[in-house]
1. Please go through region 220-244 and give me each residue that is surrounded by fewer than 24 Cβ atoms within 10 Å (Cβ to Cβ) and under 23 Å from residue 130 (Cβ atoms), ordered by number.
2. Out of 169, 246, I need the residue that is over 22 Å from residue 320 (Cβ atoms) and either more than 25 Å from the chain's Cα centre (by Cα) or more than 16 Å from ligand 2 (Cβ to nearest atom) (or both). Which one?
3. Could you tell me whether residue 69 is within 28 Å of residue 404 (Cα to Cα) and outside any loop (DSSP other than H, G, I, E, B)?
4. Within region 282-378, which helices (runs of 4 or more DSSP H) (wholly inside it) include 1 or more residues that are within 13 Å of ligand 1 (Cβ to nearest atom) and either over 30 Å from residue 33 (Cβ atoms) or not assigned by TED's automatic domain parsing to the domain that holds residue 398 (or both)?
5. Tell me whether region 56-64 contains one or more residues that are under 25 Å from residue 235 (Cα atoms), in contact with a strand residue (DSSP E or B) (Cβ under 6 Å, 6 or more places away or on another chain) and touching a residue at least 24 places away in the same chain (Cβ under 8 Å).
6. Conditions: (1) surrounded by fewer than 16 Cβ atoms within 10 Å (Cβ to Cβ); (2) at negative phi; (3) more than 10 Å from ligand 2 (Cβ to nearest atom). Residue 408 meets all but one. Number of the miss?
7. Quick check: anything in region 79-89 closer than 30 Å to residue 25 by Cβ and either within 16 Å of ligand 1 (Cβ to nearest atom) or surrounded by fewer than 17 Cβ atoms within 10 Å (Cβ to Cβ) (or both)?
8. Any residue in region 300-315 that is free of Cβ contacts under 8 Å to residues at least 12 places away in the same chain and within 23 Å of residue 389 (Cα to Cα)?
Ligand SMILES: Cc1cc2nc3c(=O)[nH]c(=O)nc-3n(C[C@H](O)[C@H](O)[C@H](O)COP(=O)(O)O)c2cc1C
Ligand code: SF4
């Protein structure tokens with residue numbers, strides 16, 4: 001590793017001894033609803049882009065989670081898994097009974113690989129349509145609806161011209177002139193690609209979301225229960241449907257938008273519907289945002305309110321994330337879709353060492369602690385899970401000692417080295433392969449390519465080098481093996 005890169009790592013004075021780790025908070029057991037976790041370590045959802053195009057579990061998906069399970073975290077949350085039976089590329093789905101067999105293989109593999117030490121939950125997601133950014137020609141020549149408002153804005157010959165003529169006039173105009181006559185949504189569709197919003201209530205399938213989502217989530221959860229999961233995490237975070245209901249940007253006027261009491265209404269209805277089908281033996285929680293970190297978005301205050309409401313509705317845990325919104329995403333290239341982790345809020349979600357001090361480490365801890373405090377002040381003991389730039393044992397211990405959260409998650413550090421929990425617990429922290437927080441992995445996610453870690457390929461001379469499964473472009477598909485010396 002170069003000195004520059006090393007300088008950007010979170011300083012670690014020393015790793016704990018085995019005795020210190022064994023006596024620590026992070027490696028102490030905890031109850032999460034009906035579940036007893038062997039430790040307070042947690043691997044949050046990460047999409048590895050390894051499902052089939054039809055949304056089925058593959059051997060590569062199984063191998064990915066087996067590898068995490070070998071590091072024996074208290075729990076692993078399986079990647080965002082779609083609740084609908086609609087084409088959504090190589091993302092896992094739970095929208096039909098035919099997906100249950102593959103999901104069962106997955107849960108069995110995690111239990112086997114962790115010797116029953118790791119609980120396995122699934123993150124259930126709903127998302128709205130987002131189109132790729134079109135070419136100017138396709139948008140103005142075909143997709144843009146030629147409305148009376150547009151004709152009026154264009155003025156002159158466009159007022160009475162036929163549709164083909166209006167399109168020809170637009171195509172012949174400069175970019176600036178076109179943007180002047182488009183309304184904000186049309187301009188966005190041209191510059192970023194069309195993106196549905198929960199506020200598009202003129203569209204029947206968006207207006208009816210409150211009527212259909214509770215049942216869709218409940219049915220998917222029931223399938224996951226049959227597939228052997230220990231629990232379900234409802235995805236109420238980032239850029240997706242339920243997060244958009246919680247957002248301060250949600251101005252729906254049908255009782256499901258506006259004041260935060262109404263914005264939380266659909267998420268609560270989803271919670272009740274899912275709880276109604278799950279056995280008492282399964283944990284039900286959600287992931288939501290401690291702060292949307294966008295202009296005009298929900299802040300920490302809202303998150304405290306939502307946390308209390310969601311916990312009162314009977315959730316067994318609350319996992320706090322941050323940012324990851326479409327509103328400030330970078331403009332995609334033509335032919336690509338906008339990606340919610342590319343703008344400032346995206347950088348809050350998956351922070352890198354490029355961020356100004358204090359850099360990526362623990363950026364969401366203060367907001368998470370505020371939500372935890374709001375719960376305790378309301379007399380609720382629901383466990384919270386902190387996440388975001390956790391890369392050392394000391395950080396995790398401090399969060400737990402201060403009561404900022406009850407469990408501490410790590411995504412990218414666990415991706416860089418799935419054994420880091422086990423190594424730390426065994427007093428072998430010096431052997432941890434430390435995440436660089438430069439987001440090579442997130443770049444692959446953005447490009448919808450099989451996610452791997454850049455560090456896996458730097459470890460040379462390992463016994464399985466010749467035989468390790470690889471991506472088509474030659475990257476290791478799973479982290480190098482490690483076993484504690486006997
Ligand atoms: C490749 C990749 C895929 C991710 N997929 C999901 C996901 O499916 N659901 C989710 O809630 N968060 C997802 N995340 C966000 C992580 O769970 C986590 O919140 C974020 O990386 C910050 O934590 P960290 O600093 O420990 O990496 C993903 C992150 C990465 C790097
Ligand atoms: S590619 Fe590896 S080292 Fe880089 S941020 Fe991702 S997990 Fe960390």
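The values are calculated or read from the model by the stated rules, or taken from the named source; none is laboratory data. A quick note: this is a predicted structure, and the numbers were derived from the prediction, not measured. Cβ atoms come from the backbone with ideal geometry, glycine included; neighbour counts cover every protein chain shown.
1. Selection gives 240, 241.
2. 169
3. Details: within 28 Å of residue 404 (Cα to Cα): yes; outside any loop (DSSP other than H, G, I, E, B): yes.
Judged against the criteria, residue 69 is a match.
4. In region 282-378, the matching helices (runs of 4 or more DSSP H) lie at 344-349.
5. Checked region 56-64: no residue is under 25 Å from residue 235 (Cα atoms), in contact with a strand residue (DSSP E or B) (Cβ under 6 Å, 6 or more places away or on another chain) and touching a residue at least 24 places away in the same chain (Cβ under 8 Å).
6. (1)
7. yes
8. Within region 300-315, the subset free of Cβ contacts under 8 Å to residues at least 12 places away in the same chain is 301.
Still in the running and within 23 Å of residue 389 (Cα to Cα): 301.
Yes: one or more hits.
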